[in-house]
Structures are given as structure tokens and as C-alpha cells.
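Encoded as C-alpha cells, the structure appears first; notes follow it.
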Amino acid sequence: MSSVNLMAREVAAKIVFYGPGLSGKTTSLRKIYETVRPAHRGEMMSIATEGDRTLFFDFLPVKVERVGDCSVRLALYTVPGQVFYNATRKLVLQGADGVVFVADSQPEAMDANRESLANLEENLFEHGIRLDRFPLVMQWNKRDLDGVLPVEVLRKELNPRGVPEQETSAANGRGVLDTLKAITRLVIKDLRAKRIVPPPRPAAGAQPAGLEAQLAQHLQHRQPPGTAPQAGSPVPRVSPVAVVPPPRVEPAPIPTPPPGPKLLGAASALAPGDMFDHARAAEAAFMSGDYSTCVTACSDAIRRALAFAGEGSLGQQAFLLRVDGADLLRLQGLATQQHLRVDDAAFSLYVMMQVFVRLNAVGLPSSAE
């Protein structure tokens, strides 16, 4: 699910909190939600049963501070702990970039911990992923209770590979953010290894590398042919050389395009019939430099396009179409700003085209509509 916006230097990643029922997965997300600044978090959606167990998923988009010169947006999910919701577990796990396994530290929960960890390994394998090669952090939860198992026992039973681990008490939030930081570091490291995350930009004023650096160094230290500088000897003066300007060459005239219908832009070429006019309006605003109108047109088109996924909130519609929720959150933020740049408008067009592609992939809207 990870995606990279190279222009904005922004990375979006999906992290799933996995574990047995009532181990503290949803409570961990709630504590993260309460701790993260409102400007850096989105809506937390939760669907629960009468017993206050997570039936489907909890979803919390979070903007993390910059990693290198890239900003990171995390989509945090939890899965239902009950075994008979395994189909939902598989669905939520699809496209994950990392997993936090929330283990219940109480002795009576050890069998459920083992079963859930084995289930995680099996479901990842069905997605073509090996657990021993996947970003994973173990969260030893409920450490505030009496009679919990020692960490050494939990480690021996559940963490033989020695992946990063953290003792937590989700009820009061202790250690939860440290767990989030640990899995974020692993995910970014994994994405860099897969060359999904771009390398850091060179620092301002850094010397050019490669052939350019060698040429610059050569020109700075060049000596007259046949001479070698002696230690302590003055640097020889070089007489100035007259520079003859090159002859002026008139630029060739730019040919005018032949008359005829204008070609479709990339966005309007992808747009469903009902969205065509909105896409053309966004493209026209972008070409004329009216970036605010472009962002507004893209936002309106996206809302209309997501409505084809059925009733529900914007986040739920995006989830059904597998549209990146982090991109939608950023676009909503741009729509409230007054002074927008060309890269903001280009990003809006990108998100709109992403939605159009997902609609085409699932056959929406149908011809009957």
C-alpha cells in the first residue's frame, strides 16, 4: 500500500496492529489518537460489536514528523481478534507495510497469543509475504496488571527472532508511542531497502559528486603544462586571455500546431463520463495558472467520484476503492488554503486521476447508471 509523492517528498505507509481479542489493539490506537496533535491526525473510524470488540477495523491516519527530508503519513489499522473473523483479518492485512503484534501479558492469554501469531504468519504467507522478512514489532501489553508473565517468558514463546519489542500499558498510554516510533523506523528502513522511499537530498552547498566534482577540482588546481609547483614558491600569474564572443544565432521559430480538436489531458482521458467536465475544468485551470480553482475542481470531482462506491463517509468510500486515505487528507487541507503553488495543483490532479483509475478498475460507474 505504500506510496510516494516525489514532488511533495511524502511517503504514505500502512501499519496494522495485530493480536488476540481484547489484547489492547484498539486501546493503543485510541491513546495514539489522544496524544497526536489534532493538526497531525485524521478521523478515527471504529466499528464494534455489542461486547465492545472491534468487529471490522479501526482506522487512524497520522502524520509523523519528517524522516530525513521526507514527511511520513501512517494509516493505522487494527484487526478483529476473534478467530471467526479471519476473512476480515486477511482483508485488513492486505497491503500492509508493517505489523505491531499486541500480545496480552497475562498467563491465561498465552495460548491465544500463540494462535494469533501463527494466524498472522499464515495470512501474510497467503499475501506472498514471509513474516521473518517483514517489519514487525512486539508490543507486550497490560504490563500494569498484577501477575503478568515476565518479559523473558514472552520473548521465548513469541519472539524467538528477537525483533524490536516494547513493554506497554495501553490503558494509560505508557510505551504506546515508543512502539509506534519503533515500527515506523522499521517500515521506513524497509521501504528504503526496496528503493520505494527516495534517498535524502544532498545538503545545501554540498560539493558536486562524480564527474562534475572531478572537473571542478581539475580546473581549480590546473597548472601550466610542463611545470610543477614547488613548496613555498609563489603561484605563477597567468596573463588574461581575450574571450571572443560566439556568433549570434537567431532562434528557430516555434511551429504553430495545426488547427483541429485539442487532445485530451491525462485526467480527462481517465475520467468516467459523468466526471469528464470536472476533469477538463481542473486541467484548464492548471494550464492557466489558476491553482486554487484547479484544487477546488479536483476536490469536487473526487467527492462525486467516490460516491459511486456507495453510501458512507469519505474515508469509508476511499477504503472500499483502495484509494490512499493520506492523499485525500492532504487534499482536504489544500482546499482550505488560499495561496497555492503549482505543485499543490499537480498533486490534486494526481489524486483525482488515482480515484479515476480505481473506478475504472472496479467497473464503476456501470453502463446502467
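What residues qualify as long-range amide H neighbours of residue 78, i.e. H under 5 Å apart, gap of 5 or more or another chain, H built at 1.01 Å from N?
17, 58
Please give every one of the lysines within straight-line cross-link reach of residue 63, meaning a C-alpha to C-alpha distance under 24 Å, and leave out same-chain neighbours fewer than 8 residues apart.
Of all the lysines, those that pass the test against residue 63 - Cα under 24 Å, at least 8 places apart if same chain - are 14, 25, 31, 181, 189, 194.
Under the Karplus relation 6.51 cos²θ - 1.76 cosθ + 1.60, θ = phi - 60°, what is the ordered set of whole-Hz ³J(HN,Hα) values for region 152-167, x standing for Gly and Pro?
Karplus-based 3J(HN,Hα) across region 152-167 equals 4, 5, 4, 5, 5, 7, 10, 9, x, 7, x, 6, x, 9, 8, 7 Hz.
Work out how much length residue 114 to residue 43 would gain on full extension: take 0.36 nm times their residue separation and subtract the Cα-Cα distance, in nm to one decimal.
On the way: separation 71, 0.36 × 71 = 25.56 nm, distance 3.22 nm.
Result: 22.3 nm gained on full extension.
Roughly how many Å² is the accessible area per residue of region 113-181, as a whole number, for a 1.4 Å probe? Please list the in-between numbers first.
Values: 3630 Å² over 69 residues.
Computed with neighbouring chains in place, this is 53 Å² per residue.
Could you work out how much longer the chain between residue 121 and residue 303 gets when fully extended? Use 0.36 nm per residue separation minus the Cα distance between them, nm to one decimal.
Values: separation 182, 0.36 × 182 = 65.52 nm, distance 3.72 nm.
Length difference between fully extended and current span is 61.8 nm.
The values are calculated or read from the model by the stated rules, or taken from the named source; none is laboratory data. Remember, predicted model here, so these are calculated numbers, not experimental data. Just so you know, the surface numbers come from the protein's heavy atoms only, side chains and all, with ligands and any DNA or RNA stripped out. Shrake-Rupley method; radii C 1.70, N 1.55, O 1.52, S 1.80 Å.
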